[in-house]
Each structure stands twice: as structure tokens, then as C-alpha cells.
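Trainee: One structure coming up, written as C-alpha cells, with questions to follow.
The values are calculated or read from the model by the stated rules, or taken from the named source; none is laboratory data. Bear in mind that the values here come from a model prediction, so they are computed numbers and not experimental data. FYI the Cβ positions are ideal-geometry reconstructions off the backbone, even for glycines, and counts take in every protein chain you see.
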2 protein chains.
Amino acid sequence: MGTKNLQNFFDPLSVAIVGASHDQKKLGYIVLENFVRENFHGMLFPVNPDTTPILGKEVYPSVKKIPEKVDLAVVIVPAFAVSKVLKECVEKKISNVIVISSGFSEIGGRGIVLEQRLKKIIEVAKGRTSVVGPNCIGVFNPKTKIDTMFLSRERLRRPREGNIAFISQSGAVGSTVLDWLAQEGIGISKFVSYGNGIDVNETDFLEFFADDKDTHVVAMYLEGMKGEGEEFLQAMRKTTSKKPVVVLKAGKTEKGTKAAASHTGSLAGSARIYSGAFKQTNTIEAGNWEELFDFVKTFSMQPPPKGNKLAIITDGGGFGVLATDEAERQKLELPEPSLILKKKLQSKMPAHVKTHNPMDVTGDANMERYWYAMEAMLGSKEYDGAVVISLMQVPTLEPKIVDAVVEMKKFEKPILVCAVGSDFTQRVERNFENNRIPVFPTPERAVRAFAAMWNYKKYLQK
Amino acid sequence: MGTKNLQNFFDPLSVAIVGASHDQKKLGYIVLENFVRENFHGMLFPVNPDTTPILGKEVYPSVKKIPEKVDLAVVIVPAFAVSKVLKECVEKKISNVIVISSGFSEIGGRGIVLEQRLKKIIEVAKGRTSVVGPNCIGVFNPKTKIDTMFLSRERLRRPREGNIAFISQSGAVGSTVLDWLAQEGIGISKFVSYGNGIDVNETDFLEFFADDKDTHVVAMYLEGMKGEGEEFLQAMRKTTSKKPVVVLKAGKTEKGTKAAASHTGSLAGSARIYSGAFKQTNTIEAGNWEELFDFVKTFSMQPPPKGNKLAIITDGGGFGVLATDEAERQKLELPEPSLILKKKLQSKMPAHVKTHNPMDVTGDANMERYWYAMEAMLGSKEYDGAVVISLMQVPTLEPKIVDAVVEMKKFEKPILVCAVGSDFTQRVERNFENNRIPVFPTPERAVRAFAAMWNYKKYLQK
């Protein structure tokens, strides 16, 4: 646990690619190419019995023949050959090893025996060598250009640098999230998929990200635990005291638990036990896939609210109603403006605009009307944050609405935007998010994200 | 009710635009331009006291001066002038009038008086003139090119021709949905937003769409009712016996109800009463905004299942687990394949693929492996439909997976796809939907859409 050196998984100075291939279709070629193409700043040592250079790089017949110190070995050789390579890595005193290769406990039978052999080697190494995998896609760090994923950039775009760390048990779920984050222009600090998790697991990474300065929020996709329950709880408690952790737990129903067991051999355990543990440790539980994404995005962009008094500002009354329904369900407060605040609002609004919460600035609102509503409501002590519904289909609302909303950051209260539509709206949306104002396609999702922030903050204030 | 002629709202042979303007910024110009630009096939009569031609069209000083029969008048004049125009429309025996103008009961005070005057004129006309509005964006029909919406095409794209009819009380919600449908490439048969609904309302349109051959599914956004409850229930019952109706009801919580009352003056009523009424009439209730969209899209593309036995086929085990959790929550059955079916599946799969439901064809699956799984499972009597999770990030899965899925339509069972990711995935997704296979970004949403279809069908089978 605490003694493990995880830093080298994400920021090594020298990397050996064991199983680097001359064949462009092989994973061992693709992974080496990631490092070369992205101009990895450290030293690179391809390893292959055939020492013909690959991509202009000198190739070594084994890790033991590498003349320099090696911080990280990435292993992509057939399952039966992994134990020999791992032994050599230990002998070479390589502190960190990622085993990409599959064909271990996940296929049963002989794979279980092979995995046992790896575990024994790790045991003997007594913490001097930490192993991620096997059967994983490994690590991605946009800052240091570490990328052990064997999935092509055409199909799986890489997200840019940001402040979200993402721990995924499943490689497929993990890579899909990365592709989606890239599409949405949202950055990550570090990503890891640890597969069968025979050595380093969710607990170790959670502890590591708790102290990682580049990480402001941690996202986890979890089917079951690889490590010990008590240690995991401790790591969650420690991490959430420093930064929010959002978890999507799969295998919550009886059938889902069974499916998880068949998928990764994890004991998914009772949904209630997990949900209880998440509540106790102030871990935010995402109800589904989209919530994981929404919550993490929000935490990465906005400060949590100091209270649960939400202002809703909208140019579409119907959307205000839907937002109100969701706020009630999420137990947020939607106080009416005080008489003083009402007067202040009315003085700047045309007669047909009524001053309530939701504040319906109506379909002929322009940027100025939004500005006055936000300035008055967020500037008062009556509200802790706002969901701003900005339907761009109406002719009066100009794209500079973004500037008005961005200006409101001065109040240091969270502001979440709801906007939905085609090309025009999407350009405005991108502009909002480039300014760290998260945008949601439905009023309900915006309100739920606000509630997630409040639930996290509320616990810390106790 | 039944005596009202609604056809002319959507398919008139001659249209008067009352308040057609010479000023390109005015709504009366934009609406006329819609008709001219889209080459409306019928006769067009702009009406304005200033009879200088607009867009090359002869202008008439009043509807009464139009020498031809007029099927539909679209009224875009200041609120105080509407009653005079409406009276003239009645005298001219125009059967259908859409009043776009706002400034009526929604602004209170004098607006209420003006609205009462309109009601009186309608009463006197005794059903010879049907009115949509006031305070609405009116009607859009991509087939006949009727488009009374005053929102620019740059900001609000129009969806193509399709089989979804959409009734929206709110103009903002309605136009946002249209823009989104256009973005997603999904077509509609007819759209109407009826605003204050002083004459024709949700009940009338529901009855009309029940018998409309171009409409296969009806979507409604409802805050409260404008018509009588009993008539509305009858119309729902009648319509759902012929085609699915999906409703998003806003104002479900106490605060939401209040917000709705302030927005459209509708009595939103108790959520329980509505939910009960929806269940009784086999109306599918969408829990939120995205569900309305998902359910309607699914009904418009796929046949409902004959039973609730769902097959899940996936190349990502984690997504299979999430889909299983949701299927359990939705009370769908996920039977394991029979021994015979298991053998059939195993004979075509590599050793590391285990035959269960979810059927995890694993991350190295190619198109053929999906084909065998779908052919065997959907071809058997053991399953009523499938959710196919197809994560395109893996290198082995080719875009021709679309052909394999489309071929399975031969079994006449619903097939829903889950795929999520960036450019590459999105191209494949569009190809699926062009072939009427709905695609969802999360496994949970795909499963909920399947459940909505089953809930509709189950009731019909009783």
C-alpha cells in the first residue's frame, strides 16, 4: 500500500516496451508508436529477441541488457512468457511494471495457474516492484505523454490535459469514457485501467490521487473490489476529505451482480453495503453512466456551493418547471426572492416579466436581462448558486450571453448552464465550457449536478 | 371537438399572413419568408394596410379583400388589433386561424380582457372557425411546408419529414425539441404549439393525430390541461389503442406545480392524478426530457416486442453489467440461453467467450461474432428483442457491424444499440439510425427505451 511507488506509472524517466513489435498491426508496435509519435521526453527502450531497430529506435534482446536504469516496463508478450519477463524486471530492479497481456484468470483454467505464478514473483519482490494488470489497457497521462493504450487514435481520441483522475476497473468502459471526454473537450490529469488487479488496485490509486496536485476530482468505475474492504474505506475517507470522488458502481441488482462476477471475477457484493459505504465516506455515487460524466465535469469546473439555496434563471418557462421539479426531488431549496430583491429585479425588467424563482426572463430576453437577474440574485445572500437555462433558439439572445455568465464567477458561487439544440447552440455551449461553465442538455441533469456538489460540501461542513 | 376541422392547420391550399411586414426584422416578415423560401405549393396572401408588395407577392389591405377562398389565416398583429382581425376572418369564413401574437392572459391585467374578447368571437362563430393560440409559435409540417415559426433557421433547424407528431404547450420547449430532432436527423410528421389554447387544445390535437396516417407515434409536452379532463382521458384512450403516446408532464412536485401556474396559468394538478390517468390510458410517461426524446425515437423506428425477454449482446463486459442492472429495475426478463442455444453459440465462438445473457462477445469481437450471437439469440424463441452494445473503440469491430444488425430486422423483433464515443463512433451511429436502428449513449437508456415499448405492448395484449 503506502510503500508502493506509483509515481513511476505516470511519470517515468525511462520506459522499456517489452514485446515491442516490428509488425505495425501488433499491439507491441502500436504502444511503442504512441510514445514515439507523442515525443515522450524520457528514454525509450524497445525489447524484442529480434533486435532490428523499430521506428528508428535501438532494440534490446531483454530488459537485463538495457544499459540504463528503467523506471517503467510495459509488457505486451504472450501470457505464457509474462512470468519470465516479470522475473527479469524484478532482477533489473524496475520499480513499476504494467502487464497489458491477457490470457490469465479471466479465461479460467490454465490462465489461473499463470496468474498465480505472477503473484508469487510479486510476493518475492516484497514491494520493490509494483505491477498493474494483467489484462488491462494500463495508463494514460496527457502531461507526460505516457500512453500504454493499444487502441488507435482514429477510434479512441485522447482527452487533453485537465484535473480529473479516472480509475476504471474495466478497459472497455475506461476507453469509452476517454473517447467521450475528448469529444466533449474535457481534460484529465491521469487515467488508469488496472484489469485483473493482482498487485496495485483501486485502493492504491485512490490514495495516490488523494495527494496528486494535478488531480482535483477522482472518477471511478467499479464492479467489485480487488483489495480489502477496510483499506478501501479508509482510502475513500482520506481522499474525499481532500477532493471529491465520484463512483459509478456496476452490479447493483441481483442479476447485475451475477453478470459482474462472470465478467471480471469480482464479488460485486450487496448494493446496499456499497451505497452505505459511499455515504459514510462522503463519496458521491453516480446513479448511471451519464451522471458519472456530469458530476465529474461539474466538480472539475466549478466550486461547490456553500448552501443549498438554488436560483433558477430561464428564458423558457417550461424548462423552469422541469428544473423546479428536479430541485424538489433533490431536496434543494428554491426560495422566492425577498421583497427588496424583487423590487431590485423589477426595476430592471419589463412589465411582463414576473419576479419569482424560477426567474423566467421570458422568450424575448436579451443578454442584459440575464445579466441583471444573475447580478441581483447571485449578488445577494439569498442564493448559493444558479442553474441558468439559456435557450438560444430565440432571436434576442446573443452568443455574448457567455460573457455575462462568465462575469458572474466573481461571486464565487457555482453556475451551471442548461442549453440544448443544433449547430448554433453547440457553438455557444463549447464557448461556455472553454470558460469552465458546465453545460447540460436537460434542466434535470443540471440540477442533479448542483445537488451532487451540495451533497459533497454539506458533509465537509459538518 | 370532433366537429373542428384541424386538417387545414397542417395542409391548407391557401394561406393569409395577416401582419405580413415589409421590415425584415419583424416576425410578420420572417413567417411570410418561411412560406416563400420553402416554396409552399398553395396560394399565399400577405395582408397589411400598406399594400406595397413584399417578397414579390401582392399585398391585401384586409382578409376580406382577398378574392379567393382562404383555408388558414396566420395572425401576427399587435394584441389590441387581434379581435378585429379575428372577426374579419370569421366573416370571410376562414375555417382555421393561428394567432401568433402575444400580450393576452399570460401577461395578466388588460391581456385577460383582450383574451376574453377573442373567446367571445370564437363562441359566436359556433365551430365554423377554429383557433390555435394566442401566444404560440403555431404549426410546422415538413411535408406541406407549413411553418408559422418566427425563429430563424440559423438558430432553430427544422427536422425532416418523419412519423412523429409533437404537441407542445410551451413554445420554448417545443422549438428546442425540434432543433434537437433536426440535429439528430430524426423526422416528424407534424408539430404544433398551441400557447394559451383558448379554442383548440391538447385533446383536439390528440384526437386528430390518432387518425393521422402520417403519424406513428405522438409526443406531448404538457404542463396542465386547457380542455376538460374527461375528454382528454377519452382522447388518450382512443389514441393509444392505435399508436403509442409519450407524455412529458412538467409540474410534478409542489413547487413545480406552482412554477407551472405562474408560467402558463395552467392548473398543473397533482402528479399522482396525472400518473394514474396515464397508466389507465396506456400512455407512456417520460420521467424527464431525455426519456421523451429516447422513447419517441424508439417507437418511431422499431416494432414493440411481443414479450419482455431481453437479450443483451456486448463487447464490453462492464456495459453488460450496467444494462443488466437497469433491466432488473425495469422488471424485464434476462433469461439465460437454453442448453441447446448455448451449444449453438459455443460452436461459433472462441474458447474464451462464455455463453450467458448478457452475451459478452468480448473486446476482440469482430462483426461475424456479433452476427452469430444475434442470429442465434434473436432467431430463437427464447428472446423478444435485443440491446446490442457495440463499443467501436476496439480495433476488431468494423463499421459494417451496421449491416449485421440491420440484417436482423428479418426477425421482426426490436433491436436497440448502445454506442458512445467521438467522431468515429458518431459516424457509425448515424449509419445505424439512417437504417432505423435507434442508438443510445448509455446502456441504461437503451434498456429503458426497450421497457417503454414493452409496457405499451403489454397493455394492448391484455
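Trainee: Only residues that are crowded, with 24+ Cβ neighbours inside 10 Å and among the hydrophobic types (A, V, I, L, M, F, W, C): list them for region A:174-188, please. Full working, then the answer.
Mentor: Applying the first criterion (crowded, with 24+ Cβ neighbours inside 10 Å) to region A:174-188 yields A:174-179, A:181, A:188.
Those that are crowded, with 24+ Cβ neighbours inside 10 Å and among the hydrophobic types (A, V, I, L, M, F, W, C): A:Val177, A:Leu178, A:Leu181, A:Ile188.
Trainee: So, one more: Being closer than 12 Å to B:Leu222 by Cβ, within 7 Å of chain A (Cβ to nearest Cβ) and at pLDDT below 70 is the filter here; which residues of region B:252-270 pass it?
Mentor: Across region B:252-270, the qualifying residue is only B:Thr264.
Trainee: Here's a follow-up. Any residue that is modelled with pLDDT under 95 and surrounded by fewer than 20 Cβ atoms within 10 Å (Cβ to Cβ) - is there at least one of those in region A:92-104?
Mentor: Within region A:92-104, one or more residues are modelled with pLDDT under 95 and surrounded by fewer than 20 Cβ atoms within 10 Å (Cβ to Cβ).
Trainee: In addition: Across region A:351-375, which residue is modelled with the highest pLDDT among those that are closer than 22 Å to A:Asp403 by Cβ and of a type in the set (Gly, Ala, Ser)?
Mentor: A:Ala373
Trainee: Something else: Looking only at region B:25-50, count how many residues are part of a loop (DSSP other than H, G, I, E, B) and touching an Asp or Glu at 6+ places or on another chain (Cβ under 8 Å).
Mentor: Counting residues in region B:25-50 that are part of a loop (DSSP other than H, G, I, E, B) and touching an Asp or Glu at 6+ places or on another chain (Cβ under 8 Å) gives 2.
Trainee: Separate question: Among the residues of region A:67-94, which ones are part of a helix (DSSP H, G or I) and either within 29 Å of A:Ala260 (Cβ to Cβ) or of a type in the set (Gly, Ala, Ser) (or both)?
Mentor: If the condition is that a residue be part of a helix (DSSP H, G or I) and either within 29 Å of A:Ala260 (Cβ to Cβ) or of a type in the set (Gly, Ala, Ser) (or both), then A:Ala79, A:Phe80, A:Ala81, A:Val82, A:Ser83, A:Leu86 are the ones that fit.
Trainee: Quick one: B:Gln346 ticks every box in (1) more than 29 Å from the chain's Cα centre (by Cα); (2) facing chain A (nearest Cβ under 7 Å); (3) of a type outside the set (A, V, I, L, M) except a single one, so which number is it?
Mentor: Among (1) more than 29 Å from the chain's Cα centre (by Cα); (2) facing chain A (nearest Cβ under 7 Å); (3) of a type outside the set (A, V, I, L, M), B:Gln346 violates only (2).
Trainee: Condition test on A:Pro395, is it at pLDDT 95 or above and under 27 Å from B:Arg157 (Cβ atoms)?
Mentor: The answer is no for A:Pro395.
Trainee: Is at least one residue of region A:388-402 among the acidic types (Asp, Glu) and out of contact with any helix residue (DSSP H, G or I) (no Cβ under 7 Å at 6 or more places or on another chain)?
Mentor: No, region A:388-402 has no match at all.
Trainee: Turning to a different aspect of this structure: Among the residues of region B:1-27, which ones are modelled with pLDDT of 95 or more and in contact with a Ser or Thr (Cβ under 6 Å, 6 or more places away or on another chain)?
Mentor: Within region B:1-27, B:Asn8, B:Asp11 meet the criteria.
Trainee: Pairs only if they're at least six apart or on different chains, beta carbon under 9 angstrom, first in region B:211-236 and within 14 Å of another protein chain (Cβ to nearest Cβ), second surrounded by fewer than 18 Cβ atoms within 10 Å (Cβ to Cβ) and part of a helix (DSSP H, G or I); list them, first residue then second.
Mentor: Matching pairs, first to second residue: B:Glu223/B:Ala261; B:Gly224/B:Ala261.
Trainee: So, in region A:199-211, exactly how many residues are of a type in the set (A, V, I, L, M) and either touching a Leu at 6+ places or on another chain (Cβ under 6 Å) or surrounded by 24 or more Cβ atoms within 10 Å (Cβ to Cβ) (or both)? Before the answer, list the steps.
Mentor: Within region A:199-211, the subset of a type in the set (A, V, I, L, M) is A:200, A:206, A:210.
Still in the list and also either touching a Leu at 6+ places or on another chain (Cβ under 6 Å) or surrounded by 24 or more Cβ atoms within 10 Å (Cβ to Cβ) (or both): A:200, A:206.
Selection size over region A:199-211: 2.
Trainee: Restricting attention to region A:327-343, which residues are in a helix (DSSP H, G or I), surrounded by fewer than 22 Cβ atoms within 10 Å (Cβ to Cβ) and within 11 Å of chain B (Cβ to nearest Cβ)? First the steps, then the outcome.
Mentor: Just the residues of region A:327-343 that are in a helix (DSSP H, G or I), to begin with: A:327-329, A:339-343.
Next, from what is left, pick out any that are surrounded by fewer than 22 Cβ atoms within 10 Å (Cβ to Cβ): A:328-329, A:339-343.
A:Glu328, A:Arg329 - these are the residues of region A:327-343 that are in a helix (DSSP H, G or I), surrounded by fewer than 22 Cβ atoms within 10 Å (Cβ to Cβ) and within 11 Å of chain B (Cβ to nearest Cβ).
Trainee: Still on this structure, I have one more. Test each condition in (1) of a type in the set (A, V, I, L, M, F, W, C); (2) more than 8 Å from chain A (Cβ to nearest Cβ); (3) in contact (Cβ under 8 Å) with a residue 60 or more places away in the chain for B:Ile273 and report the one that comes out false.
Mentor: The single condition B:Ile273 does not satisfy is (3).
Results for (1) assigned by TED's automatic domain parsing to the domain that holds B:Ser21; (2) in contact (Cβ under 8 Å) with a residue 40 or more places away in the chain; (3) of a type outside the set (Ser, Thr, Tyr), shown as yes or no for each residue.
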position	(1), (2), (3)
B:Tyr60	yes, yes, no
B:Pro78	yes, no, yes
B:Ile98	yes, yes, yes
B:Lys126	yes, no, yes
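Trainee: If the requirement is being surrounded by fewer than 21 Cβ atoms within 10 Å (Cβ to Cβ), away from every other protein chain (no Cβ under 12 Å), modelled with pLDDT of 90 or more and at negative phi, which of these qualifies: A:Thr144, A:Thr148? It would help to see each step written out before you state the result.
Mentor: On the way: A:Thr148 fails: surrounded by fewer than 21 Cβ atoms within 10 Å (Cβ to Cβ).
Just a single option satisfies the conditions, and that option is A:Thr144.
Trainee: State yes or no: is A:Lys65 out of contact with any strand residue (DSSP E or B) (no Cβ under 7 Å at 6 or more places or on another chain) and over 30 Å from B:His352 (Cα atoms)?
Mentor: yes
Trainee: In region B:370-388, what residues are touching a Leu at 6+ places or on another chain (Cβ under 9 Å) and not hydroxyl-bearing (Ser, Thr, Tyr)?
Mentor: Matches in region B:370-388: B:Ala373, B:Ala376, B:Met377, B:Glu382, B:Asp384, B:Gly385, B:Ala386, B:Val387, B:Val388.
Trainee: Show the residue pairs that are 6+ apart or on different chains and have beta-carbon atoms under 7 Å apart, the first residue being within region B:2-27 and acidic (Asp, Glu), the second being surrounded by fewer than 21 Cβ atoms within 10 Å (Cβ to Cβ) and part of a loop (DSSP other than H, G, I, E, B).
Mentor: From region B:2-27, the pairs are B:Asp11/B:Thr144.
Trainee: Can you pull out every residue in region B:288-326 that is of a type in the set (Ser, Thr, Tyr) and more than 14 Å from chain A (Cβ to nearest Cβ)?
Mentor: Step one: filter region B:288-326 for residues of a type in the set (Ser, Thr, Tyr), giving B:298, B:300, B:314, B:324.
Those that are of a type in the set (Ser, Thr, Tyr) and more than 14 Å from chain A (Cβ to nearest Cβ): B:Thr298, B:Ser300.
Trainee: Another question, then. Would you check which residues across region B:211-222 are touching a strand residue (DSSP E or B) at 6+ places or on another chain (Cβ under 8 Å) and not polar (S, T, N, Q) and list them?
Mentor: Passing the criteria: B:Asp212, B:Asp214, B:His216, B:Val217, B:Val218, B:Ala219, B:Met220, B:Tyr221, B:Leu222.
Trainee: Could you name every one of the helices (runs of 4 or more DSSP H) located completely within region A:218-307 that has at least 3 residues being within 30 Å of A:Glu333 (Cα to Cα) and assigned by TED's automatic domain parsing to the domain that holds A:Glu207?
Mentor: Working: elements: A:229-240, A:254-264, A:271-280, A:289-301.
The helices (runs of 4 or more DSSP H) meeting that bar are A:229-240, A:271-280, A:289-301.
Trainee: Pairs, please: C-beta under 7 Å, at least 6 apart or cross-chain, first residue at positive phi and in region A:163-188, second surrounded by fewer than 21 Cβ atoms within 10 Å (Cβ to Cβ) and of a type in the set (D, E, K, R)?
Mentor: A:Gly185/A:Arg430; A:Gly185/A:Glu433
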